[in-house]
Amino acid sequence: MKRSRLDIKRLIIVLFFATVAITIASLTIGRDIYRHNESGLLSFAIVNFSGYLFFLFMPVELMFIFYLRSGFDPLFLNLIAIGTALISQSIDYLIGYFFSTGIIDRLIGRRRYERAEAEIRKYGKLALLVFNFFPLSSPVIALAAGMLKYRVKDALLYSIIGLVAKYLVLTLFFGL
């Protein structure tokens, strides 16, 4: 099925404005915290939640260390970090799950999709764990898991394991 020129122009316009909106949001969320050294658990929760959405780019691990060094209770800070990250990644997964079928078929084709699905089924658990443990793009892997209709139970379980391990290591190295 061919795309018309009008469809391509619409897609370009949508992508342009989405990129502008995402850039503006990424640069402004948490700006007051960075500039004025205001630190509260609500602001941390907002920044951490936003940083784990696949379309925003925030230094969540650095923010965690900053708040940890500011004297907040490490256990409570870990619970907020893991909880907000998990909620955001669940949203990423759901976006991939519900809005991907038509996009996948049009962009990469059914055959490529089926090959990619086989690979994520083979390495998916390890990929979810590793991407959540290291400061990599774990929100994107959650989106991809949703796009490939990866089992939500496995996606959440291995995301939680990776997040808990990451924040435990950060707490041990920078909080004690």
- request: Give segment 30-42 a look and list any residue that's closer than 16 Å to S88 by Cβ and at pLDDT 80 or above, or say none.
  value: L42
task: Scan (1) closer than 30 Å to R151 by Cα; (2) out of contact with any Ser or Thr (no Cβ under 9 Å at 6 or more places or on another chain); (3) modelled with pLDDT of 75 or more for the single condition F64 breaks and write down its number.
output: (2)
statement: The number of residues in segment 120-172 that are out of contact with any helix residue (DSSP H, G or I) (no Cβ under 9 Å at 6 or more places or on another chain) and aromatic (F, W, Y) is 1
field: Residue selected from segment 56-90 under the condition crowded, with 18+ Cβ neighbours inside 10 Å and of a type in the set (V, I, T), by the criterion farthest from V140 (Cα to Cα)
entry: I80
- prompt: Any residue in segment 91-108 that is buried (at least 17 other Cβ atoms within 10 Å of the Cβ), over 25 Å from G40 (Cα atoms) and at pLDDT 85 or above?
  reply: yes
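The values are calculated or read from the model by the stated rules, or taken from the named source; none is laboratory data. As the structure is a prediction and not an experimental result, all values here were calculated from the model. So basically every Cβ, Gly included, is an ideal-geometry build from the backbone, and we count neighbours across all protein chains shown.
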